[in-house]
1. For the range 33-76, what are the residues that are assigned to a loop (DSSP other than H, G, I, E, B), under 24 Å from LYS160 (Cβ atoms) and touching a Lys or Arg at 6+ places or on another chain (Cβ under 9 Å)?
2. Quick check on this structure: which one of LEU174, LEU200 is of a type outside the set (Lys, Arg), under 23 Å from MET101 (Cα atoms) and without any contact (Cβ under 8 Å) to a residue 40 or more places away in the chain?
3. Can you find, within the range 110-120, the residue that is nearest to LEU200 (Cα to Cα) among those that are surrounded by 15 or more Cβ atoms within 10 Å (Cβ to Cβ) and of a type outside the set (S, T, N, Q)?
4. Among MET85, MET45, MET51, MET20, which is among the hydrophobic types (A, V, I, L, M, F, W, C), touching a His at 6+ places or on another chain (Cβ under 9 Å) and either surrounded by fewer than 18 Cβ atoms within 10 Å (Cβ to Cβ) or within 21 Å of ALA154 (Cα to Cα) (or both)?
5. When you check GLU123 against the structure, is it acidic (Asp, Glu) and surrounded by 15 or more Cβ atoms within 10 Å (Cβ to Cβ), yes or no?
6. Looking at (1) under 30 Å from LYS6 (Cα atoms); (2) without any contact (Cβ under 8 Å) to a residue 24 or more places away in the chain; (3) of a type in the set (Val, Ile, Thr), which one does VAL134 not meet, given that it meets all the others?
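Nothing in this text is a laboratory measurement; each read-out follows from the coordinates by a stated rule. It should be emphasised that the depicted structure is a prediction, and the values quoted were computed from it without experimental measurement. Heads up, the Cβs are rebuilt from the backbone with ideal geometry, glycines too, and the neighbour counts pull from every protein chain shown.
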Amino acid sequence: MMDQTKTGRFIAELRREKEMTQRQLADRLNISDKTVSKWETGKGMPEISLMIPLCELLGISVSELLSGERLSADLYKKKAEENIMDLVKEREESKRKIALMAVTLVITMLASVTLFLVSGIFEMSVALRVILLVIGFVVLVGGIFVAASLEMSAGTYECKHCGTRFVPTFGAYLAGPHTLTRRYLKCPECGKKGYFKRRLTH
């Protein structure tokens, strides 16, 4: 599996070998030095669109970047295959979470609507009616919470202004209007707002 901390240390080591500051590296890539700092501290990975330019600046291959170390000719092919498989697994896991989220929402809606209809249609005591309504409400809120948590953990959102990938806070996620593939959010890196596209990998 890819180790963000190891990759971050590797980026920092290579940057210092090139006698560049974080700001100088950031300027060459048209990003902020905060983004470089996040990479080097293992709090994030370079976006796919930045990997090749970054590797060219540091004098390494993408496989070496993802592995967090220089690779000999013998290890290069093996590591390249492992890195590709890691990305595929992450993408498939994100798809699985999105599918599970959809199933959770359907079950939640069916269960809560059924409870609401039963409490309103059939003859019963006030106490039982209240209990059914409360259970229906709890099922609805709980289901939405579980579904939202699954979808939030499925990949990241990419800022269309600076390219940063991030996972939004739960509050921002719930409050943000959305389409099937985009959600209106505020980028934690550049502070700009917009409809940001979901990416299935970090």
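1. Passing the criteria: GLY44, MET45, GLU47.
2. Result of the check over LEU174, LEU200: LEU174.
3. ALA111
4. The conditions single out MET45.
5. no
6. (1)
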